[in-house]
1. What pairs come out if I take residues in the range 1-14 that are touching a residue at least 24 places away in the same chain (Cβ under 8 Å) and pair them with residues that are charged (D, E, K, R) and assigned to a helix (DSSP H, G or I) whose C-beta lies under 7 Å away, six or more apart or interchain?
2. State all residues of the range 165-191 that are farther than 21 Å from Leu4 by Cα, touching a Phe, Trp or Tyr at 6+ places or on another chain (Cβ under 6 Å) and assigned to a helix (DSSP H, G or I); if no residue qualifies, say none.
3. Does Glu149 fit the bill of being closer than 22 Å to Trp247 by Cα, at pLDDT below 95 and either out of contact with any His (no Cβ under 6 Å at 6 or more places or on another chain) or not charged (D, E, K, R) (or both)?
4. What number of residues in the range 107-124 are β-branched (Val, Ile, Thr) and exposed (fewer than 14 other Cβ atoms within 10 Å of the Cβ)?
5. Suppose we filter Val16, Val27 for residues that are within 25 Å of the chain's Cα centre (by Cα), buried (at least 17 other Cβ atoms within 10 Å of the Cβ) and not polar (S, T, N, Q); which single one remains?
6. Output the number of the condition that Phe162 fails; it satisfies all remaining conditions of (1) part of a helix (DSSP H, G or I); (2) of a type in the set (Phe, Trp, Tyr); (3) closer than 30 Å to Val47 by Cα.
7. Restrict the check to the range 70-87 and report whether at least one residue is charged (D, E, K, R), over 16 Å from the mean Cα position of the chain (by Cα) and over 21 Å from Ala245 (Cβ atoms).
Amino acid sequence: MEVLFIFLLALIIDLVFGDPPNAFHPVAYMGRVIAIFERAGFKGGRVYQFVYGIVMVFIAMALFFIPVYFLLDWLHGVNSVVYIIVSAVLLKMCFTVTGLRKAALLIKQLLEKDDIAQARFELRSLVSRDTSKLPQPKLVAAAVESVAESIGDGFVAPLFFFLIFGVPGVMAYRVVSTFDSMVGYRGKYEYLGKFAARFDDVLNFIPSRLSALCILIASFFGRYSPAGAWRIMWRDHAKTQSPNAGWPMATAAGALEVCLEKVGHYSYPLYDQRLRFGRAEAWLWHGFGGDNNQP
């Protein structure tokens, strides 16, 4: 029952208060720790960078896992109510529903006002690609893709690891996820961030597929296409470079019956190969609490 109370309270905190400022957010501190580790990451060649990348991931995980583990273990023996409250607060810090919703709805509102320039700017909070030249349909596509993928690593994965390893396990997962977002890229971080990127892929293997299942189930309750979600999920999930990202994105594309495309990387072609802007845009507010009567 404690697990259920912790999760429900964490969800209530998220819905009522949203995300805390960076000054109080553990993920921001994770980013600072990673930045400190990164300074010494390029003092040697490829082998040094790869080994250093492994070491810094596990040390950073320990820095957040161990204190949280012993704190909650102590609180559990002192007062169960305080234990549940603190656990819920820490769990909420590791996932976001409200923040993702606000970011998506902001893009929708800017597009409604035809403020393409500002929409491109705000979209940077959701995607890592260059948004400066994206036309309106691809702005919607990028937002939909990011929301679909973030359902996995932003909510399903934290809940998955919470159920298995408790709050300390979620903290460890967030460390790896933050590493991947900061150094899990080719080019400069090819060797330094390789382990973090691969480790993140392993950790998200099951959650990404569970998130696709969640989108599929949600399509039954919305005005979308469960058959399309199922068909495109299986047909197109392998089109992304990531072994995980394609599952929720392909499922969302099939449910919405749209074409989601990142030029030069992947596309989920449906029907006439064009993004049906109205339907995808509608999902941004229908799926995140907006006006269901919009076209």
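1. Here the result reads Ala10/Lys92; Ile13/Lys92; Asp14/Lys92, each pair linking the range 1-14 to a residue that is charged (D, E, K, R) and assigned to a helix (DSSP H, G or I).
2. Answer for the range 165-191, where residues must be farther than 21 Å from Leu4 by Cα, touching a Phe, Trp or Tyr at 6+ places or on another chain (Cβ under 6 Å) and assigned to a helix (DSSP H, G or I): Val175, Val176, Val183.
3. Yes, satisfied.
4. Of the residues in that region, 0 qualify.
5. Every option except Val27 fails the conditions.
6. Unmet condition: (3).
7. If we filter the range 70-87 for residues that are charged (D, E, K, R), which is where we start, we get 73.
From what is left, the residues that are over 16 Å from the mean Cα position of the chain (by Cα) are 73.
Next, from what is left, pick out any that are over 21 Å from Ala245 (Cβ atoms): 73.
Within the range 70-87 (the criterion being charged (D, E, K, R), over 16 Å from the mean Cα position of the chain (by Cα) and over 21 Å from Ala245 (Cβ atoms)), the answer is yes, since at least one residue qualifies.
Let's see how each residue does on (1) among the small types (Gly, Ala, Ser); (2) surrounded by fewer than 22 Cβ atoms within 10 Å (Cβ to Cβ); (3) at pLDDT below 90; (4) over 19 Å from the mean Cα position of the chain (by Cα):
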position: Ser208; (1), (2), (3), (4): yes, no, no, no
position: Arg223; (1), (2), (3), (4): no, yes, yes, yes
position: Asn244; (1), (2), (3), (4): no, no, no, no
position: Thr251; (1), (2), (3), (4): no, no, no, no
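The values are calculated or read from the model by the stated rules, or taken from the named source; none is laboratory data. Values in this document were obtained by computation on a predicted structure and should not be read as measured data. As a convention, Cβ positions derive from the backbone with ideal geometry for all residues, glycine included, and neighbour counts pool all protein chains shown.
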